[in-house]
Structures are given as structure tokens and as C-alpha cells.
Amino acid sequence: PVKTRRKIYVALNKPGGFLSTRSDELDRRIVTDLLPKEWAHLHPVGRLDRDSEGLIFLTNDGDFTLRLTHPRFGVRKHYRAIVEGRVEPVMLRRFMEGVEHEGETLKAERARIVDANNSHSIVELELAEGKNREVRRLFESQNLMVERLQRTQIGPIRLGELPEGKWRALTDIEVKSLLKMSPAPASSSAPTAPVTSR
């Protein structure tokens with residue numbers, strides 16, 4: 001008899017310096033190093049750059065991954081960036097209109113300045129597509145460098161008080177809320193693994 005594999009959904013607060021992958025030929029640190037060994041088979045849902053921090057999901061559910069990463073579903077992701085130099089409101093308007101960078105159009109759905117002075121600015125952004133290094137490239141298009149980048153929210157799920165380097169299981173309600181954001185694939189409904197936070 002064939003048994004259905006239990007589907008697992010984990011939220012992790014990724015520290016900087018970890019790769020969002022399941023293996024690395026150079027033996028660098030990867031996000032699954034932060035999980036129990038029996039979960040080494042889980043894969044990251046999307047990516048966070050090696051130097052970026054914050055909320056990332058890991059799972060063994062391919063449908064769930066597709067729903068959260070494919071551009072057609074438009075799952076919103078929120079970021080907080082600390083940027084070298086002063087960010088002006090006109091820059092954020094350009095981000096929301098769309099800017100060209102390295103042959104691609106990059107766009108923020110929303111953006112706001114939390115704080116800004118001549119040396120540093122704090123900016124919050126909301127993105128729908130999540131192209132490779134998109135937040136950093138938005139600022140590079142304005143000749144500004146991101147010093148620190150943290151993802152604070154995916155869809156309705158917030159990073160909250162989850163400590164850096166720690167994980168927790170997503171609840172059934174949270175998984176369903178993520179899958180409700182657009183019509184779900186027929187095979188994607190599954191219970192959350194009964195695990196506790198670490």
C-alpha cells in the first residue's frame with residue numbers, strides 16, 4: 001500500500017549568510033541547516049538572497065510552492081530596507097510606476113519612507129512578483145545601495161516576534177489563508193504537520 005506523505009509547512013526567520021536552497025556544492029550554510037535533520041528534504045518556497053533576512057516558508061508541498069511563487073497568483077511580499085543615503089519620495093513614485101534595470105521592468109505595488117536623513121533611509125516596500133534581487137535592484141536603479149534587507153510578511157502571514165534563526169509550523173488556518181488568495185489547485189488541500197515552534 002502507498003501512504004500519502006504528510007505535508008509540512010514551516011515559517012523560518014532566515015538570518016543573513018544562509019542560502020535559500022536545499023543543497024550547496026560549496027558546502028555553504030543553507031536554510032535547512034536551521035531545521036530538524038528529519039526535515040532536510042523540505043524545500044524553500046521562493047528565495048531570499050544570501051545576505052537578506054526574514055520570513056521564508058519551507059515545505060514538501062509542490063502545489064503550495066507554486067501558489068506562492070508564480071507571478072500569476074500575485075502573492076504580495078513586504079520588505080523593510082535600510083538604504084545608504086537619502087531616499088526621496090520621487091524615487092518611490094518611480095518604483096510604483098516601474099523602472100527599467102538590466103533589461104527588466106521592476107515595480108513595487110506600494111512603498112513608503114519610514115525615516116530618512118542624509119546618511120541612511122528606512123523604506124518599506126510591497127512587491128507582487130519577487131524577481132531576482134528585485135528590492136536591491138530597485139534602489140540600484142537610483143544609484144543607492146541597500147545595507148540591510150528583511151522580508152517581514154508573505155501574503156497575510158507576518159514575521160512577527162519569531163526570533164532570528166528560529167522556525168515555527170504554520171497553522172491550518174494560516175495555510176488555508178495562503179491558499180485562499182486565488183483558486184487552489186485540486187491537490188493542494190492538506191493538513192499542517194503537528195509540530196511545535198523551535
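Quick notes on this structure:
- Apportionment of accessible area to carbon and sulfur, the stretch 1-81, percent (1.4 Å): 47
- Taking label positions 7 Å along the Cα-Cβ direction at both SER141 and MET96, the computed distance is 1.5 nm, reported to one decimal.
- On a per residue basis, the chain carries 54 Å² of accessible surface, using protein heavy atoms and a 1.4 Å probe.
- 10 Å-binned pair-distance histogram of the chain (Cα, whole percent): 9, 34, 34, 18, 4, 1, 0
- Separation between Cα centres of the stretch 139-166 and the stretch 47-83, rounded to whole Å: 11
- Given charges at beta-carbon only (K, R positive; D, E negative), |dipole| of the chain in Debye: 720
- Modelled FRET efficiency - R0 41 Å, THR21 with SER177, Cβ distances, 0.05 increments: 0.95
- Spin-label model, ILE82 to ARG28: label points 7 Å out along the Cα-to-beta-carbon direction sit 2.1 nm apart.
- A probe of 1.4 angstrom, applied to the heavy atoms of all protein chains, finds ILE122 with accessible area near 40 square angstrom.
- For the stretch 164-174, backbone phi angles converted through the Karplus equation (6.51, -1.76, 1.60; θ = phi - 60°) give residue-by-residue couplings of 4, x, 9, 10, 8, 6, 6, 6, 4, 5, 5 Hz, Gly and Pro being listed as x.
- Pairs of Lys residues in the chain, spaced 8 or more positions apart or belonging to different chains, with C-alpha separations under 16 angstrom: 8 in total.
- Karplus (6.51, -1.76, 1.60) ³J(HN,Hα), θ = phi - 60°, over the stretch 104-121, in Hz, Gly and Pro reported as x: 10, 8, 10, 8, 9, 6, 8, 7, 8, 8, 7, 7, 7, 9, 5, 9, 8, 9
- Amide H contacts for ARG110 (H built 1.01 Å from N in the peptide plane; partners 5 or more residues away or on another chain; cut-off under 5 Å): GLU126.
- Theoretical FRET efficiency, 1/(1+(r/R0)^6), r = Cβ-Cβ of ALA116 and ASP49, R0 30 Å, to 0.05: 0.80
- Amide H contacts under 5 Å for HIS101, placed H, 5+ residues apart: LEU106
- Entry note, the chain: the mean residue ellipticity at 222 nm calculated from DSSP H runs of n ≥ 4, each adding -39500 (n - 2.57), is -4500 deg cm²/dmol after division by the residues and rounding to the nearest 500.
- For TYR9, the residues whose amide H sits under 5 Å from its own are LEU170, ALA193, ignoring neighbours fewer than 5 places away on the same chain, with H placed 1.01 Å from N.
- Förster radius 22 Å - calculated FRET efficiency between HIS70 and ARG5, Cβ distance, rounded to 0.05: 0.45
The values are calculated or read from the model by the stated rules, or taken from the named source; none is laboratory data. Computed from a predicted structure; not experimentally measured. All Cβ positions, even for glycine, are placed from backbone atoms using ideal geometry, and neighbour counts span all protein chains on display. SASA here: full protein model, heavy atoms, side chains in, ligands and nucleic acids out. Shrake-Rupley method; radii C 1.70, N 1.55, O 1.52, S 1.80 Å.
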